[in-house]
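Taken together, the values in this text are just the output of simple stated rules run on the coordinates, not laboratory data. Fair warning: this is a prediction, and the values are worked out from it, not measured in the lab. Cβ placement follows ideal geometry from the backbone for every residue including glycine, while neighbour counts extend to all protein chains displayed.
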Amino acid sequence: MNYEKYAALSKSDDALEFKFNSTGPKGEICIVVQFTETSDPDIFNLGFGNLLQNGELDDIVKNGNQDRDKILATVAAAVYEFSAQYPDKLIFFSGSSPSRTRLYRMAINIHYETLMNDYEIYGVNRLDNAYLAEPFRKTVNYMGFVVKRKTIKFVI
Amino acid sequence: MKAKKKLKGAALLGVKVTHDKSLNKLSGKVLFPEKLKEANKVVGNLKWS
């Protein structure tokens with residue numbers, strides 16, 4: 001993944017919380033990343049957003065620093081760090097809007113070859129009254145994604 | 001017995017990670033409750049193809 005990233009990523013002792021600073025026209029904005037256990041203890045939810053001045057987190061509004069790709073690449077670094085510590089856990093993520101989810105799909109597409117080397121990647125869509133996870137396909141729109149670190153690599 | 005090889009984290013992407021004790025106070029708090037609610041809806045009803 002050759003995208004530029006923020007070099008200073010910090011984490012909590014349990015590697016569930018991360019933060020880094022986004023810098024740009026709007027100044028320095030702290031981005032917080034959190035992995036939270038869902039109702040299925042094997043699946044963690046990935047959330048990230050801007051830390052506001054009042055201490056609240058906003059995962060909806062663009063921060064105006066024009067560094068979208070750099071932020072996503074740094075969040076990907078946090079995913080690598082989390083999954084190195086918890087390789088058996090699955091990570092679910094989706095955008096806060098359909099356009100953001102599409103953005104995540106595009107990001108996966110761009111880095112597909114690299115990611116496939118390290119992760120099993122699934123796309124999730126609604127199917128009747130349930131949700132169906134299938135192996136990620138580049139051309140399909142999904143409502144969310146699940147990734148799991150590969151612990152054994154097969155070299156052909 | 002052969003020791004299990006430790007997986008590489010953010011270093012694989014060239015990012016250095018440092019520990020920040022101030023983040024520990026966030027542990028156990030749900031920072032993105034709406035996202036978690038949505039995730040629980042999905043994972044509670046997730047089928048695999």
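Straight-distance candidates among the lysines for linking to residue B:25, with alpha-carbon spacing under 25 Å and chain neighbours fewer than 8 residues away dropped: A:11, A:19, A:89, B:16, B:35, B:37. Semi-axis lengths, largest first, of the ellipsoid equivalent to segment A:2-46 are 26, 11, 11 Å, with √(5λ) applied to each eigenvalue of the Cα gyration tensor. 3J(HN,Hα) couplings calculated from phi for segment A:71-88 with the Karplus curve 6.51 cos²θ - 1.76 cosθ + 1.60 (θ = phi - 60°) are, in sequence order, 5, 4, 5, 6, 5, 4, 4, 5, 4, 4, 5, 4, 6, 6, 7, 10, x, 8 Hz; Gly and Pro show x.
Shown here for chain B: trypsin sites (Lys or Arg not before Pro) in loop regions (DSSP other than H, G, I, E, B) with at most 15 other Cβ atoms within 10 Å, namely B:2, B:4, B:5, B:6, B:8, B:29. Quick one: which of B:5/B:41; A:5/A:148; A:62/A:150 span more than 30 angstrom between C-alpha atoms? Correct reply: B:5/B:41; A:62/A:150.
Annotation: amide H-H contacts under 5 Å for residue A:90 (H modelled 1.01 Å from N, sequence separation of 5 or more, or interchain): A:43, A:44.
Going through segment A:1-89, which trypsin sites (Lys or Arg not before Pro) have at most 13 other Cβ atoms within 10 Å and a DSSP loop state?
On the way: sites: A:5, A:11, A:19, A:26, A:62, A:68, A:70, A:89; in loops: A:5, A:26, A:62, A:89.
Those that pass, being in a loop and sparsely packed, are A:62.
Taken over chain B, the convex hull of the Cα atoms encloses 232 Å³ per residue. Counting only DSSP H runs of at least 4 residues, each contributing -39500 (n - 2.57), and dividing by the residue count of chain A, the helix-based mean residue ellipticity at 222 nm comes to -7500 deg cm²/dmol.
Evaluate 2.2 N^0.38 Å with N set to the residue count of chain A, then give the Cα radius of gyration divided by it. Intermediate values should be presented prior to the final figure.
Details: Rg = 15.5 Å, N = 156, 2.2 N^0.38 = 15.0 Å.
Taking the Cα Rg and dividing by 2.2 N^0.38 Å, one obtains 1.04.
What is the sum of charges, Lys and Arg at +1 and Asp and Glu at -1, for the other residues whose Cβ falls under 15 Å from the Cβ of residue A:41? It would help to have the intermediate numbers written out before the result.
Working: positive: A:89, A:148; negative: A:14, A:37, A:40, A:42, A:88.
Neighbourhood net charge equals -3.
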